[in-house]
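Down below is the structure, laid out as structure tokens.
The values are calculated or read from the model by the stated rules, or taken from the named source; none is laboratory data. These numbers were taken from a predicted model, which means no experiment stands behind them. Quick reminder, even Gly has a Cβ in these numbers, built from the backbone with ideal geometry, and neighbours come from all protein chains shown. Heavy atoms of the whole protein, side chains included, go into the accessibility calculation; ligands, DNA and RNA do not. Shrake-Rupley method; radii C 1.70, N 1.55, O 1.52, S 1.80 Å.
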Amino acid sequence: MRLHDYAPRPAHLKWLLDSDPAIRWQVMRDLTDESPNAIAGERSRVATEGWGAQLLARQSPAGNWGGSPREWRDDLPKEDRDLLITLYALTVLMDLGVDPASKEARKMIDRVDRRLVFKRLNNRPYLRGETEPCINGRILGIGSYFKKPNDALADQLLGEQLEDGGWNCEAPKSRRSSFHTTICVLEGLLEYERARRKSMAVMKSVTKARKRAESYLLERRMFRSLRTGEIIDKHWLRFSFPTFWHYDVLRGLDYLRNAGLKPDSRVRDAIEIVIERRHQNGRWPLNHLHPEFIPLEMETGVGSASRWNTLRTLRVLRWYNNSTW
């Protein structure tokens with residue numbers, strides 16, 4: 001299945017480029033193939049202008065982000081809520097592509113590294129992780145991207161991989177993997193691999209675990225039951241941004257693209273789902289927003305055209321269309 005009709009059109013590219021630096025630099029990298037210097041120059045603006053600068057500015061001197069609506073996760077103590085919001089804020093800063101070498105990013109992650117702890121875990125430093133693999137996958141990626149890769153946390157996640165190839169925060173109670181947990185760990189392991197320079201033997205074990213988890217997704221066609229072939233969760237066919245901890249088909253495909261996998265017939269159904277979400281104007285909408293909170297508003301018009309979803313979809317379709325499988 002070739003997708004010539006879904007190549008980015010000049011009007012779509014102009015609309016995407018007429019946006020925040022976080023969108024622009026990724027369009028330049030993933031869709032218009034600008035020079036490395038031009039891409040780097042635009043990326044450098046993310047920490048000082050627009051969404052990236054706004055989110056960085058809302059970090060407290062204590063290192064965390066907070067200020068959630070009173071009703072959000074009122075089952076948790078305020079400290080735990082703030083640590084979750086911090087996790088989500090750091091993940092979004094990665095999604096925006098804040099340059100980790102910028103002085104703004106270094107100041108931000110130094111605050112996290114020096115000042116944040118999990119008190120309920122005997123004051124364990126935040127970047128050392130906690131107990132759930134879905135959270136630890138994100139923390140592994142955050143540390144690898146902004147600071148340094150955490151070998152102990154990577155080893156912990158490798159030891160928690162389930163027999164079917166994925167991960168689940170409910171293990172050992174459940175021995176069946178969760179798409180939500182698995183995608184969080186996969187993204188973290190990929191960042192870890194890219195940041196770490198270790199012995200070939202150690203990196204082979206990380207890559208092997210990641211490939212097993214990718215096969216877990218692909219064997220299920222990215223959203224189907226392995227046993228019945230039925231759609232596991234129809235919410236996965238609706239795309240949002242930020243994704244927080246939630247899996248959906250577009251997030252899964254964008255991970256495969258980012259990891260450099262060659263697409264094959266196992267992603268065809270997922271690609272068709274992505275195409276079906278396109279509006280008549282050639283743009284992709286924001287299907288819904290997850291209830292999780294960060295102190296930043298980007299795209300809030302559910303049902304309206306979304307630059308984030310359009311950017312991510314066009315680069316996924318380009319990845320698929322450029323394959324020769």
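Choose one of W72, A105, T48: the residue whose Cα lies farthest towards the positive end of the charge dipole of segment 1-113 (beta-carbon charges +1 Lys, Arg; -1 Asp, Glu; about the Cα centre). Value computed over the given set: T48. Calculated over segment 30-75, the projected area of the Cα convex hull averaged across directions stands at 5.6 nm².
The convex hull built on the alpha-carbon positions of segment 77-199 has an orientation-averaged projected area of 8.1 nm².
Taking a point 7 Å out from the Cα of R227 in the direction of its Cβ, the residues of segment 150-180 whose backbone N falls within less than 14 Å of it are 175-177. Mean residue ellipticity at 222 nm, helices only, the chain: -15500 deg cm²/dmol; runs of at least 4 DSSP H residues each add -39,500 (n - 2.57), and the sum is divided by the number of residues. A cut-off under 10 angstrom between Cβ atoms defines the neighbours of R45, and their net charge, with Lys, Arg +1 and Asp, Glu -1, is -2.
Its Cα gyration tensor gives the chain an equivalent ellipsoid. The semi-axes, each the square root of 5 times an eigenvalue, are 29, 25, 20 Å from largest down. Using Cα centres only, tell me the gap between segment 95-154 and segment 1-78 in whole Å. One Cα centre to the other: 20 Å. Take 44-52, 295-303, 219-227 and order them by the average number of nearby Cβ atoms within 10 Å per residue, most first; the result is 44-52, 219-227, 295-303. The residues of segment 112-191 have, on average, 44 Å² of accessible surface per residue, using a 1.4 Å probe with all protein chains present. Among the lysines of the chain, pairs that are 8 or more positions apart or on different chains and have alpha carbons within less than 19 Å of each other number 11. When only alpha carbons of segment 1-154 are considered, Rg and Dmax amount to 18.0, 56 Å. Once the mean of 1/r is taken over each pair of separate Cα atoms and inverted, segment 206-325 shows a Kirkwood hydrodynamic radius of 15.1 Å.
Taking 0.36 nm per residue of separation and subtracting the current Cα-Cα distance, fully stretching the chain between K107 and K204 would add 31.6 nm. A crude spin-label estimate for the pair R194 and K173, with each label 7 Å from Cα along the Cβ direction, gives 3.4 nm. If you take all other residues with their beta carbon under 13 Å from the beta carbon of W236, and give Lys and Arg +1 and Asp and Glu -1, the sum is +3. Classified by the C-alpha gyration tensor, segment 130-254 has a prolate form. Its axis ratio a/c, with a ≥ b ≥ c, is 1.5 or above, and a/b is larger than b/c.
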